[in-house]
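I have placed the structure first, in the form of structure tokens, so that the comments after it can refer back to it.
Just so it is clear, none of the values below were taken in a lab; they were calculated from the coordinates. No experiment lies behind these values; they were computed from the predicted model shown. Backbone-built Cβ (ideal geometry, glycine too); neighbour counts: all protein chains shown.
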């Protein structure tokens with residue numbers, strides 16, 4: 001039983017670590033989401049940064065899904081963080097308006 005609990009705990013820790021690594025900042029002012037397949041900067045979702053950091057395939061898929069006429073200033077990352085770049089604000093989620101420090105610091109330089 002003890003062995004099972006240890007294995008379960010390690011699995012949960014590994015899953016949490018992988019989820020945290022899905023969203024990362026490869027450069028100042030850029031956030032990428034491996035799980036959702038896009039990168040964004042202070043202007044919104046960026047095809048150029050997506051290609052640079054996630055690859056050409058990810059950029060092509062993003063273009064196919066979003067098109068060129070989409071409003072890319074509003075987006076939600078796989079962890080639920082929601083950003084409105086016109087308002088220069090990221091929140092924990094669309095329904096929880098508490099500021100998301102990682103998004104706000106990385107994209108907008110505000111604490």
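Run the simple label-point estimate for residue 70 and residue 84 please: 7 Å along Cα→C-beta, distance reported in nm.
Computed distance between label sites residue 70 and residue 84 equals 2.0 nm.
Please compute the length gained on full extension between residue 57 and residue 35, using 0.36 nm multiplied by the number of residues separating them and subtracting their Cα-Cα distance.
On the way: separation 22, 0.36 × 22 = 7.92 nm, distance 1.37 nm.
Length gained between residue 57 and residue 35: 6.6 nm.
Report Rg(Cα)/(2.2 N^0.38 Å) for the range 22-108, keeping two decimals. Spell out each step's value before the answer.
Working: Rg = 11.8 Å, N = 87, 2.2 N^0.38 = 12.0 Å.
It is 0.99.
At a threshold of 8 angstrom on Cα-Cα distance, excluding pairs fewer than six apart, so keeping six or more, what relative contact order does the range 21-111 reach in percent?
24
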